[in-house]
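The values are calculated or read from the model by the stated rules, or taken from the named source; none is laboratory data. It should be emphasised that the depicted structure is a prediction, and the values quoted were computed from it without experimental measurement. Please note: Cβ atoms are built from the backbone with ideal geometry, for glycine as well, and neighbour counts cover all protein chains shown. Areas reflect the complete protein model, heavy atoms only, side chains present, ligands, DNA and RNA absent. Shrake-Rupley method; radii C 1.70, N 1.55, O 1.52, S 1.80 Å.
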Amino acid sequence: MAKITKLEDIVSLCKRRGFIFQSSEIYGGLASCYDYGPLGVELKNSVRAAWWKDAVQMRDDVVGLDCSILMHPMVWKASGHADKFADLIAECKKCNTRTRVDHLTEKAEEAEEEHTKHISLDTAMATAQDLSNKVCPNCGSVGQFTEPMPFKLMFETQMGANIDDSMTMHLRPETAQGIFANFKNVLDTTRIKIPFGIAQIGKSFRNEVTTKAFIFRTREFEQAELEFFCKPGTDEKWYEYWKESRFNWYINLGIKKENLCLRNHDPDELAHYAKACVDVEYKFPFGSGDWQELEGIANRTDYDLRQHQRGIRTLNKWFESDRDLTKIELSKEAEDYQSGPLSYFDDEQKTRYIPYVIEPSAGIDRSTLAFLVDAYDEEEVRGETRNLLRFHPALAPVKVAVFPLVKRDGMPEIAQNIYNDLKKYFNCFYDEKGAVGRRYRRQDEAGTPFCITVDGQTLQDTTVTVRDRDSMDQVRVSTDQLLNHLREKLEV
Ligand code: ATP
């Protein structure tokens, strides 16, 4: 029977092998913040690169951006974050722990096969919250909660040194708004035409009420977001397209089909502007094996661009109110919104409209965790346990390791030459210390797909062994064929 991976196994492997460390560990650590170590940074870079390749490089209809984390405060007023980006929380009267109301479970609720839902603040506030049978996840008390209250999720900071012009700013809670704010810049500087997308990968910050499960939910994290602009009326077709395309991205990178699903949002989860939303969920090994969101794909209609048109019209009020967002109401003028500054002119049909947006929004850290969990395996080999990460080659932090069998007879020099040649093409690792079997095991645990060994036969016929991580089979390959052989296998 296949072993069920536990999160503790992953956390311990990550620390032992230098994938992920607790932030500020030498000072006792900072909760919910993590640092990616030497293998982790390569893995995360590979996840980013795989997303970018699929979303931008391989497509003619998507371009990229890299926007600043700090943006004009009016961006967050227009987007709705300044007023509404909050979670409804309740505090346990026994232990004072605050929990998101939508994360509380009923006393007798079956945890098995549970899907976590994020009910929108509007819905949560509007629906009567009966917490009398809900359990505190910290102390286990039942029905001991305060009245639910909203908790703002954006991090605040101050910008500027002068008292007169310094102002309160927010760290972006999502990367998407940088894309909407640059929609016109991209239209004006490229020849791209609708339907087209703008993609961005970058850090986002949310003062999450509870953080949990290692890098699954943290307060600083990385998102990969794509805003795909299309003509109203074609949005449902593109929504279906992106659903399938994003699901397949995970499968093509090795996630097992039985661990991945698409879950349509219930009406009480939908943000008021969203026409439809679906989550790509992964069966994470937390609790009793929960389905949890990896990525959301939403039909955001023309909401964001319309909101920013209203924001632009409201800019004068921002100055008049002494830059106090709480005193501002967004302009209600909507009569000319179809021809406003963020509208799109369709050359062929000679019409002007505000495009609809389909948004696939993924988490780089969350998907990195899913790739780690899914690749993790343990098996018995000749009475010993072999730990390995069966990463897809595109994600493996090290693609090829090169070893001399022993440290004599010129083997290290030949192995070094091979290593120096191959590292021009992909991430390689050279190791000559200890028994070769142990070196193989270390690479298995790091997820390295291939190990090359220079041995006695290499000195006679210039062939080396290439060992496959998953099957442990070895084949002999001539050194002049090595690069081609590996490229074919690694698909790089
Ligand atoms: P949740 O319900 O889990 O709080 P969300 O629905 O608020 O998530 P989105 O706003 O849709 O999340 O963000 C898109 C993606 O960004 C998520 O699917 C996830 O992969 C990632 N993400 C969001 N919040 C966090 C976080 N606190 N830590 C790590 N990744 C996150």
### Message
How high is the relative contact order of the range 398-490? Use alpha-carbon pairs under 8 Å, at least six apart in sequence, and give a whole percent.
### Response
28
### Separation in nanometres of the label points that stand 7 Å from Cα toward Cβ, at residue 94 and residue 408
6.9
### Query
Residues of the chain: accessible area per residue at 1.4 Å, in Å²?
48
### Query
In straight Cα distance, which aspartates and glutamates are under 15 Å from residue 283, not counting same-chain residues fewer than 8 positions off?
112, 113, 114, 258, 293, 295, 374
### Message
How large is the accessible surface of residue 414 in square angstrom, using a 1.4 angstrom probe and rounding to the nearest 10?
### Response
50
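Does the range 398-490 come out rounded, prolate or oblate, given a ≥ b ≥ c as the square roots of the eigenvalues of its C-alpha gyration tensor, rounded meaning a/c under 1.5 and, failing that, prolate meaning a/b above b/c?
Working: a/c = 1.38, a/b = 1.11, b/c = 1.24.
Verdict is rounded for the range 398-490.
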#### Entry: Entries of 44/257; 84/256; 84/212 with Cα pairs more than 25 Å apart
84/256
### Query
Can you give the relative contact order of the chain as a percent, counting alpha carbon pairs under 8 Å and 6+ residues apart?
14
### Query
Counting only the backbone N, which residues of the range 371-411 are under 16 Å from the spot 7 Å out from the Cα of residue 53 toward its beta-carbon?
391-400
### Principal semi-axes in Å for the range 59-110 [√(5λ), Cα gyration tensor, largest first]
37, 19, 10
### Summary
The percentage of the accessible area of the range 398-490 (probe 1.4 Å, all protein chains present) made up of carbon and sulfur atoms, to the nearest whole number, is 46
### Task
Report the calculated FRET efficiency for residue 16 and residue 241 (r = Cβ-Cβ distance, R0 = 51 Å), to the nearest 0.05.
0.75
### Message
On alpha carbon coordinates alone, what is the Rg over Rh value for the chain, Rh being the Kirkwood radius?
### Response
1.02
#### Entry: Sequence-distant residues sharing a close amide H with residue 354 (under 5 Å, placed H)
344
### Cα-centre dipole for the chain with unit charges at Cβ (Lys and Arg positive, Asp and Glu negative), debye to 20
980
### Message
Order 130-142, 152-164 from most to least packed using the mean count of other Cβ atoms within 10 Å.
### Response
130-142, 152-164
### Message
Lysine pairs in the range 398-490 with Cα distance under 18 Å, only those 8 or more apart or on different chains: how many are there?
### Response
6
## Note on the structure
Lone Cys, the chain, Cβ cut-off 4.7 Å -> 14, 33, 67, 230, 261, 277, 428, 451
### Query
When only the heavy atoms of the protein chains count and the probe is 1.4 Å, how do 41, 186 rank by accessible area, highest first?
41, 186
#### Entry: Extended-chain gain in nm, criterion 0.36 nm per residue less alpha-carbon gap, residue 26 and residue 424
139.7 nm
### Query
Stretch residue 491-residue 152 to full length: gain in nm at 0.36 nm per residue minus the Cα-Cα span?
117.5 nm
#### Entry: Largest-first ordering by accessible area, 1.4 Å probe, given options 26, 255, 201
26, 201, 255
### Query
Ranked highest first by average number of other Cβ atoms within 10 Å, how do 443-451, 396-404, 340-348 line up?
396-404, 443-451, 340-348
### Message
Along the Cα→Cβ direction, 7 angstrom out, place labels at residue 162 and residue 329. What is the inter-label distance in nm?
### Response
3.3
### Summary
Helix-only [θ] at 222 nm, the chain, -39500 (n - 2.57) per DSSP H run of 4+, per residue, nearest 500, equals -8000 deg cm²/dmol
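How big is the antiparallel share of DSSP beta bridges in the chain, given as a percent to the nearest 5?
Percent antiparallel among DSSP bridges in the chain is about 85.
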## Note on the structure
Note to self: C-alpha centroids of the range 422-478 and the range 259-305 sit apart, in Å, by 42
